[in-house]
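These notes are about the structure you will find just below.
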Amino acid sequence: MASASSNLALRLATAAVAVPIILAFVFIAPPWAFYLFVLPISLVGVREFFGMTHRGDPVAQTIGVLLSAAASVAVYFRHDDPRTLTTVLVVVPLVGPLVTLVRLGALDTAALRACALGFGPLFMLPLTLLAVLRSELGATGSGLVLLALGLAWLADTGAYFAGRFFGRRKLYEAVSPKKTVEGALGGLLGSIVWAVVASVWFLRGSLPLAHAIPLAIAAGVLGQAGDLGESLLKRSTGVKDSGAIVPGHGGVLDRVDALIVTAALVFLYAVWGPAAIRPTW
């Protein structure tokens with residue numbers, strides 16, 4: 001119990017420092033500064049990803065990170081050009097198998113490494129899409145970024161406390177032994193509460209309540225699935241935390257596993273949702 005309390009205190013202290021900085025980049029800093037804030041975070045996450053899938057192969061890890069950087073820059077600066085987006089989606093997945101042919105290594109893990117190197121550079125791309133919304137939609141874009149952040153992190157907070165105080169039934173023990181059904185429900189409630197707050201406050205007029213609640217349910221469920229997906233990756237590669245860069249939280253991937261999913265959902269909502277918030281491109 002003392003260890004859990006100590007970890008909670010460290011998590012709260014980290015959040016107290018990080019949240020004001022993040023909000024400053026979302027609402028005060030110019031859009032390009034927000035992207036420069038997001039890009040290195042994304043690349044650290046990608047490096048952690050390849051540290052698990054390509055352990056002991058710094059050359060392949062570096063290739064993966066460079067591909068991710070190129071894809072992010074292309075999407076941010078040329079998001080309105082279908083040719084650029086198509087090129088990214090066609091070229092990046094092809095590189096994985098080709099690089100694996102050159103750096104064969106152990107044959108029994110070659111398929112995993114080929115697929116990981118084809119997919120991994122795109123794994124953190126939804127964070128770049130948040131920067132695109134911030135750039136294209138002004139104050140509404142900032143609100144959508146905050147919506148995505150809250151859908152992920154309020155779900156994480158709700159799941160943590162609901163699981164700690166009420167957790168009894170295991171959710172998916174083979175993948176994440178500590179997660180419970182009660183925690184998952186608490187996380188879903190956290191997402192719904194945040195979406196309602198967004199609808200009546202900082203996205204008032206842009207996010208109708210009739211849209212906010214279904215979006216929150218989808219984000220609450222799929223965001224937690226993203227968390228489980230990262231747990232699966234860690235367990236299958238024998239890793240406890242993706243890294244140790246965030247005190248009390250592990251690595252970048254440990255912090256943004258759900259955000260990757262909620263960012264993608266919020267971006268797709270902006271693209272396909274009401275004309276009032278749809279990007280002009």
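At-a-glance table
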read-out	value
Net dipole in debye of the range 1-108 [+1 Lys, Arg Cβ; -1 Asp, Glu Cβ; about Cα centre; nearest 20]	80
Least to most buried among SER72, SER176, SER191 (fewest other Cβ within 10 Å first)	SER176, SER72, SER191
Volume per residue of the C-alpha convex hull in the chain, rounded to whole Å³	125
Residue-averaged [θ]222 nm for the chain, counting only DSSP H segments that reach four residues, each worth -39500 (n - 2.57)	-26500 deg cm²/dmol
Cα-centre dipole for the chain with unit charges at Cβ (Lys and Arg positive, Asp and Glu negative), debye to 20	340
Charge-dipole axis of the range 2-272 as Lys and Arg at +1 and Asp and Glu at -1 on Cβ define it, positive-most pick from VAL99, GLN224, VAL73	GLN224
Separation of the LEU94 and LEU36 label points, Cα + 7 Å toward Cβ, nm	3.4
Likely footprinting exposure, THR87, THR140, THR128, fewest C-beta neighbours within 10 Å first	THR87, THR140, THR128
Label point distance in nm, LEU104-TRP272, each placed 7 Å from Cα along Cα→Cβ	4.3
Within a Gaussian network of the chain (alpha carbon springs, distance under 10 Å), most fluctuating of VAL266, VAL200, VAL19	VAL19
Sorted by Cβ density within 10 Å, fewest first, the residues MET124, MET52	MET52, MET124
Contact order relative to length of the chain, as percent, for alpha carbon pairs under 8 angstrom and 6 or more apart	20
Gaussian network model of the chain, springs between alpha carbon atoms under 10 Å - residue of GLY105, GLY143, GLY158 with greatest fluctuation	GLY105
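Bear in mind that the values in this text are calculations on the coordinates, not laboratory data. Just so it is clear, the model here is predicted, and its values are computed rather than measured. Quick reminder, even Gly has a Cβ in these numbers, built from the backbone with ideal geometry, and neighbours come from all protein chains shown.
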